[in-house]
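Okay, structure first, notes after.
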Amino acid sequence: MHKRQIENILYAGVVGDALGVPVEFSKRDSYYIKSMTAGGTWEQPKGSWSDDTSFTLPLMENLTADGNYEQLMQKFENYMFHNEYTPDKLAFGIGNSCAKAVRNWSINQYPALECGDPSVYANGNGALMRLAPLAIHLADESDLNKRLRLAYEYTCLTHRHPRAIVGSYIYLEILHGLLNGRALRAILNYLPEQLNQALQNCPDELAELSQYDEMFQNNFGMTLRKDIKSSGYVVDTLLASTWCALASTSIDNAIILAVNLGDDTDTIASITATISSCENLTDHVSEDWKNQLRNPELLNSIIAPFAKKEASRALV
Ligand SMILES: [Mg+2]
């Protein structure tokens, strides 16, 4: 992958986040968004990006620096308690499981890989939303078991229930397939069997695969919009984002579709943007939207070195 393609994938995710922030938790069809706007639950100015990006940036920075999980948890703490990695030194909208994990790290002093909540009630989309840089980092990794192990560990930092972990497996394997030139529909066809085989020795995870069955059906892309749920539950988020990507022919259209589903709009639009930009590597997210993102200096200071490192590594 070229540096600019990597940058485009990452900026598309930030754009999706920022477009979704003003309508997060809004009811579907109570609004229609097609441009950057201000306001919303968090009363943020236009172009504000949220926790989705603020958890993604530390992961990116940590991968660039070859940092370990302890250093990454420290960066998450720096975000939540010291407002680093934000548009203007204000952390807002952090999900319960992520917040609990950071408190487990900084206050309760848990080991990094045990900070995530293992409860079945802790199956939000908070791990999915930060994993785009890991997908790029693993694009050339041909060993499925190694990819799944890293997906597992990076998820466990905040989410340890097998359903959230399997959600990360599916999401990262979709991105891996797309970055290796496969079509989204083709990936959804082979993925259940591939994961079924790979997880034979992990009964808890294997049992959760069926939670995602609907997205692997041949006619999933034809699902009616009214039947697509757009909550922050990891299953709903992954299905909604995949559906938006399947139903769109450009990154911008996929993002608009996602932002207008209502409820957890910022995360779903961000994940949709990531899937769609990995699917359309010759397309790019709207320059107009990208230019309206707040704190572009911070974004560029973390995205550019990461993209440079990953692009050069891919050429080796
Ligand atoms: Mg958010």
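Out of the stretch 239-278, which residues are more than 15 Å from the ligand (Cβ to nearest atom), farther than 16 Å from residue 171 by Cα and among the β-branched types (Val, Ile, Thr)? Within the stretch 239-278, 249, 251, 256 qualify.
Sub-7 Å Cβ pairs linking a first residue in the stretch 120-143 that is within 16 Å of the ligand (Cβ to nearest atom) to a second residue that is at pLDDT below 95 and in a loop (DSSP other than H, G, I, E, B), at least 6 apart or interchain, are 124/95; 126/95, ordered by first then second residue.
Each row is one residue, and each column tells you yes or no for (1) surrounded by fewer than 23 Cβ atoms within 10 Å (Cβ to Cβ); (2) more than 20 Å from the chain's Cα centre (by Cα).
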position	(1), (2)
103	yes, yes
115	no, no
124	no, no
133	no, no
143	yes, yes
147	yes, no
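Of the residues making up the stretch 47-93, just one is closer than 20 Å to residue 274 by Cβ, surrounded by fewer than 20 Cβ atoms within 10 Å (Cβ to Cβ) and either within 13 Å of the ligand (Cβ to nearest atom) or modelled with pLDDT under 95 (or both), namely 93.
Looking at the stretch 11-39, which of its residues are of a type outside the set (A, V, I, L, M), touching a helix residue (DSSP H, G or I) at 6+ places or on another chain (Cβ under 7 Å) and surrounded by 22 or more Cβ atoms within 10 Å (Cβ to Cβ)? Hits for the stretch 11-39 are 11, 13, 16, 17, 20, 24. Counting only residues that are free of Cβ contacts under 8 Å to residues at least 40 places away in the same chain and not charged (D, E, K, R), the stretch 275-293 holds 3 of them.
Of all the residues in the stretch 215-261, those that are assigned to a helix (DSSP H, G or I) and hydroxyl-bearing (Ser, Thr, Tyr) number 3.
Restricting attention to the stretch 80-133, the residues that are in a loop (DSSP other than H, G, I, E, B) and under 19 Å from residue 42 (Cβ atoms) total 15.
In this entry, residue 54 passes the filter for residues that are under 24 Å from residue 161 (Cβ atoms) and touching a Phe, Trp or Tyr at 6+ places or on another chain (Cβ under 6 Å). The set of residues in the stretch 18-37 that are away from the ligand (no atom under 13 Å from the Cβ) and at negative phi comprises 26, 27, 28, 30, 31, 32, 33, 34, 35, 36, 37. Among the residues of this structure, residue 90 does not count as one that is within 17 Å of the chain's Cα centre (by Cα) and hydrophobic (A, V, I, L, M, F, W, C). For the stretch 203-214, the condition of being closer than 26 Å to residue 285 by Cα and not in a loop (DSSP other than H, G, I, E, B) holds for none of the residues.
The values are calculated or read from the model by the stated rules, or taken from the named source; none is laboratory data. Here the structure is a predicted model, which means the values were calculated and not measured. Here the Cβ is made from the backbone with ideal geometry for all residues, glycine too, and neighbour counts use every protein chain on show.
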